[in-house]
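Enquirer: Before I ask anything, here is the structure I am working with.
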Amino acid sequence: KTVEALSFGCGVVSTADGFVGIESPYPEHQYGNMAELAEHIVRTAQSETDSAEISRRKSDEVFAKYQQSQMGTLATLFQTPSMAA
C-alpha cells in the first residue's frame, strides 16, 4: 500500500512498519507507534508551512530511490551471460 501511494505522488506519513523494505531518511516515514504519528499529523495541521508539498517532495524522493533499487535488483536477477560482458 505504501509503495502504491508513493507511486501516485502522495505525501505519506507512516509508522516504521508501513515502510518495511523501503529506505527513507525521514522521521515522518518511521514513527514508532500510532500515537507519535497522530502527534505529527496534529502538529502538521497547525503549522503554517506548506507541509503537504514538503511531504510530497520527500515521498517522491523516497519512491525514486526505491524504484531505482528495484530496477537494479531486477537487472541483476535477470542478467544473462551476454549482458554480463
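Enquirer: Do we find that Ser51 is polar (S, T, N, Q), open to solvent by less than 50 Å² (accessible area, probe 1.4 Å) and within 17 Å of Thr2 (Cβ to Cβ) in this structure?
Expert: Criteria not met by Ser51.
Enquirer: With the chain as the region, which helices (runs of 4 or more DSSP H) entirely inside it contain at least 3 residues that are free of Cβ contacts under 8 Å to residues at least 24 places away in the same chain and out of contact with any helix residue (DSSP H, G or I) (no Cβ under 9 Å at 6 or more places or on another chain)?
Expert: Hits in the chain: 34-46, 51-77, 81-84.
Enquirer: Search the stretch 18-48 for residues being more than 15 Å from Thr2 (Cβ to Cβ) and acidic (Asp, Glu), and hand back the single one that is farthest from the chain's Cα centre (by Cα).
Expert: Among those residues, the one meeting the criterion is Glu48.
Enquirer: Of the residues Thr73, Thr15, which single one is closer than 18 Å to Lys1 by Cα and of a type in the set (Val, Ile, Thr)?
Expert: Matching residue, one of Thr73, Thr15: Thr15.
Enquirer: Within the stretch 33-56, which residues are of a type in the set (Ser, Thr, Tyr) and closer than 20 Å to Asp17 by Cα?
Expert: Ser55
The values are calculated or read from the model by the stated rules, or taken from the named source; none is laboratory data. Values in this document were obtained by computation on a predicted structure and should not be read as measured data. Ideal geometry is used to build each Cβ from the backbone, glycine not excepted, and the neighbour counts take in all protein chains shown. Each accessible area value is taken on the protein alone, full model and side chains, heavy atoms only, with ligands, DNA and RNA left out. Shrake-Rupley method; radii C 1.70, N 1.55, O 1.52, S 1.80 Å.
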